[in-house]
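Read-outs throughout are calculated quantities, based only on the coordinates presented, and are distinct from any laboratory measurement. Given the structure is predicted, the values throughout are model-derived calculations rather than measurements.
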Amino acid sequence: MIIVLLGPPGAGKGTQAKKIEGEFGLTHVATGDLLREAVRRETSLGKQAQDFMLRGRLVPDRIILDLIKNKIRGGASGFLLDGFPRNIIQAEELDELLEAENKKLDLVINLEVNHNEVIDRLNGRVICPECGKTYNVDHFVDEPLVCKDCGSRLSQRSDDNPDAIEERLKVYLRHTLPLIDYYKEKGILLSVSGERSPQEVFHRIVDLLQRVEDVH
Ligand code: ADP
Ligand code: ADP
Ligand code: ZN
């Protein structure tokens with residue numbers, strides 16, 4: 001199965017992807033994680049992307065497509081794409097890339113979360129720099145800010161500040177939101193409310209995916 005997780009920044013795509021990949025044996029491909037890794041390793045791709053990311057802008061399509069091509073070509077057969085595509089051009093390129101590999105996109109899960117809630121979530125997000133696990137600061141009232149999986153110190157992403165968050169939400173509305181109609185027209189869009197607990201959202205997604213698997 002090849003699945004795209006769609007939704008505004010902070011909707012819970014990464015949180016759900018980590019749960020789904022284990023349950024369905026899919027490879028989680030998150031362009032944001034790949035880019036942050038490239039920035040951390042100071043590769044030339046990372047250097048090109050860094051400024052756009054800090055400002056909350058989209059990294060140029062050419063860079064993103066280079067990054068994603070290697071992941072899709074030849075690799076695993078099942079994917080969970082998170083944070084890609086983010087505009088119509090990327091969606092069209094993905095269609096072409098999959099077609100050339102005799103693969104197709106099975107499903108797009110659109111996580112719906114209202115504007116104020118995503119702002120709250122992004123402001124409270126802390127991540128583990130080692131294993132990439134995501135948390136919310138509210139869950140650490142009397143505890144040290146360390147990863148429950150690997151014990152590393154958690155930190156805030158450099159683009160989870162009010163200015164970059166505002167810019168990312170603008171970019172989402174302008175460039176990414178049109179993908180909802182794009183995939184609706186193809187008949188592969190399923191919307192899920194992301195405004196419940198992570199576990200409840202996950203159960204809903206599992207239900208949907210099991211029904212899709214039964215059809216295949
Ligand atoms: P969030 O989870 O908050 O939506 P991501 O981790 O997916 O953020 O992405 C972080 C940043 O990386 C984005 O603001 C953008 O600059 C860049 N980025 C990630 N994926 C893409 C993409 N598909 N196209 C262009 N830029 C991207
Ligand atoms: P995205 O990948 O869509 O940008 P994340 O998975 O990184 O979103 O989640 C953003 C923030 O919201 C994190 O702090 C995460 O812990 C929190 N979060 C994720 N899902 C939920 C949920 N269902 N309810 C409340 N908070 C959530
Ligand atoms: Zn960790």
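The table for this structure:
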| item | result |
| --- | --- |
| Global geometry of segment 98-148, whether rounded, prolate or oblate, following the gyration tensor of its Cα atoms and the 1.5 cut on a/c | oblate |
| Cα coordinate range in the chain, projected on the principal axes (Å, largest first) | 49, 40, 32 |
| Under-5 Å amide H pairs with SER191, H placed in peptide plane, nonlocal only | ASN110 |
| Amide H partners (placed H, <5 Å) of VAL113, local residues excluded | GLY194 |
| Computed over segment 97-201, Kirkwood Rh from alpha-carbon pairs, angstrom | 16.4 |
| Cα gyration tensor, segment 142-216 - rounded (a/c under 1.5), prolate or oblate | oblate |
| Contact order normalised by residue count of the chain, Cα under 8 Å, 6+ apart, percent | 29 |
| Under Karplus coefficients 6.51, -1.76 and 1.60, residue-wise ³J(HN,Hα) of segment 133-150 in Hz, glycine/proline x | 5, 10, 9, 10, 4, 4, 8, 10, 3, 10, 10, x, 7, 10, 5, 6, 8, 10 |
| Spatial separation of Cα centroids for segment 70-87 and segment 141-210, in angstrom | 17 |
| For VAL4, residues with placed amide H under 5 Å, excluding near neighbours | LEU81, LEU107, VAL108, ILE109 |
| Dimensionless Rg/Rh of segment 1-113 - Kirkwood Rh, Rg from C-alpha atoms | 0.94 |
| Helical contribution to [θ] at 222 nm, DSSP H n ≥ 4, -39,500 (n - 2.57), averaged over the chain, rounded to 500 | -15000 deg cm²/dmol |
